[in-house]
Amino acid sequence: FLGPVFSQHPVNNEFSKNTFYLELASRGSIYSVNFDHIFRRGDKLSYSYRIGFSIEKNSISFPVGINMITGKKSHHAEFGLTLIPYIEQYKTFLSGDNLSDKYLYIIPSFGYRFQPHNGGFFLKAGVSPLILLDPPSDDFWKMNPRLFLYGNAGFGYSF
């Protein structure tokens, strides 16, 4: 009539979907604190999104992106697209005398990702092109895009 009941009983097919990590970069924000969530897990490809935040002495940025991750083991190739709105002199951004300078970094990325199936230590690294859009203050649509080489490395914890 009564059977055993297990709350939070682990299932063998569970995998870590969430990651908090610190990312270091060669351009734009030197660092960012990020959250990554795998929202679709497949046999050959999985998909995740990332959101982040960085605040430095005179700048603030908010990386957002989407990634494709290969395989189901611990070692993965990662392909993605990240957009980073970046504001220098952010303290005047919403004031009447707006002296802030705004940029948009577009990063089509590819690299390596170490994320064990059951969670734990997380590592990622990559090199990719970076497109910098720097609109003039008086005309947002008159941008002069510039291309740079971009490198990044991140480490954190998956759960």
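Observations
- Set of lysines near residue 142 by C-alpha distance (under 22 Å), chain-local residues within fewer than 8 positions excluded: 102
- In nm, spacing of pseudo-spin labels at residue 146 and residue 43 (7 Å Cα→C-beta vector): 4.8 nm
- A simple spin-label model places pseudo-atoms 7 Å from Cα toward Cβ; at residue 131 and residue 57 they are separated by 3.2 nm.
- Converting phi to 3J(HN,Hα) with the Karplus coefficients 6.51, -1.76 and 1.60 and the offset θ = phi - 60°, the stretch 39-46 yields 9, 9, 10, x, 5, 10, 9, 10 Hz in sequence order, with x at every glycine or proline.
- A full extension of the chain between residue 66 and residue 18 corresponds to an added length of 15.9 nm, given 0.36 nm per residue minus the alpha carbon distance.
- Counting heavy atoms of the protein chains alone, residue 74 has an accessible area of about 30 Å² for a 1.4 Å probe.
- Each of the peptides 148-157, 53-62 was scored by the mean count of other Cβ atoms within 10 Å over its residues; in descending order, highest first, they stand as 148-157, 53-62.
The values are calculated or read from the model by the stated rules, or taken from the named source; none is laboratory data. Computed from a prediction, not measured in an experiment: that's the story for all the values here. All Cβ positions, even for glycine, are placed from backbone atoms using ideal geometry, and neighbour counts span all protein chains on display. Note: areas computed on protein heavy atoms with side chains; ligands, DNA, RNA excluded. Shrake-Rupley method; radii C 1.70, N 1.55, O 1.52, S 1.80 Å.
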